[in-house]
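Structure first, then comments.
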Amino acid sequence: RNRSDVRAGGVLLIAGAGGPMGRMHLQRALQMSAGPRTVIVTNRGRARLQSLLDDFAPQAAAQGRRLIGLSPADEPGRLATTVAAATGGRGCDDIVVMAPDLDLMQEALAHLAPDGMLALFAGVPPGNCLHVPVDHITRHGLQVTGTSGSSLADQHAIIAKAAAGELAPDRIVAAVGGLRAAREAIAAVANKRFAGKIVIYPQLIDLPLLSLDAVAARRPAVAAALGADRAWNATAERALLTAELGLRTDPGGVA
């Protein structure tokens, strides 16, 4: 009964989902062929939560999955009632905690099914202990897991999934910039300026650090390539390189 992935057709809770890594977990869950039927995402900040829902609700609908978002800080008690309604009172099959916050982890355990799996993605804060119901481990097979980084084999597997179209990591991109914007990009990560990832293009020396909306306003060809959902993609990248470097494109890409 041991497993290392989310339960097919189950209910997944991603706690603290508003950042780049939370977005990646959500996207993966929605793209899985045997993924959860319902995904509940939480975030303390309303702006990031709304951005998350705006970006992923269309994908959830297209995949036939139910996506629920809420802010426990603003809506005390709603998480418990939402989990109870989605699971028939049983608790979530899987919970991923994205932040190294002991209180968040302890609260998450209260919403986990007796045979569920708790993934502590950010790890337990040093010097702290998480109180786990041992009875659920011995009697029902509850699992608690974490991560210490990916092996080369893991990385190869992810690249293969992306190449096969099973994952679309480019959808996590929130901003782009040139080489001279790298320092600003590092500061932007530390300050949580963007909800997604930042791509730095070394060949575009002077391109400032721009959100996707800003780069679309700067380059109409990029705006057209982004489409209605404003998702980064290979066509948008080629349009950016072509516009900034003055290159010509052919069916094989930028030349």
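Some notes on this structure:
- Annotation: amide H of GLY69 within the under-5 Å range of VAL41, sequence separation 5 or more or interchain, hydrogens built in the peptide plane.
- When the square roots of the Cα gyration tensor eigenvalues are ordered a ≥ b ≥ c, the ratio a/c for the chain is 1.5 or more and a/b exceeds b/c, which makes its shape prolate.
- For the stretch 169-249, the ratio of Cα radius of gyration to the globular rule of thumb 2.2 N^0.38 Å stands at 1.01.
- Sorting ASP103, ASP115 by the number of Cβ atoms found within 10 Å of their own Cβ, with the fewest placed first, yields ASP103, ASP115.
- Taking a ≥ b ≥ c as the square roots of the eigenvalues of the alpha carbon gyration tensor, the stretch 11-163 is rounded, as a/c is under 1.5.
- Loop-located trypsin sites (Lys or Arg not before Pro) across the stretch 131-198 with a Cβ neighbour count of 14 or fewer within 10 Å are LYS192, with loop assigned by DSSP.
- Charge tally for GLY45 (other residues, Cβ to Cβ under 12 Å; Lys, Arg +1; Asp, Glu -1): +3.
- Pair ARG90, ASP54: separation of 7 Å Cα→Cβ label points (nm): 3.6 nm
- Centroid-to-centroid separation of the stretch 92-126 and the stretch 129-165 [C-alpha atoms, Å]: 12 Å
- Normalised contact order of the stretch 1-65, rounded percent, pairs of Cα under 8 Å and 6 or more residues apart: 37 percent
No value in this document is a laboratory result; all are computed from the given coordinates. Since the structure is predicted, the reported quantities are computational estimates derived from the model, not experimental observations. Positions of Cβ are generated from backbone atoms using ideal geometry, with glycine treated the same way; all protein chains shown enter the neighbour counts.
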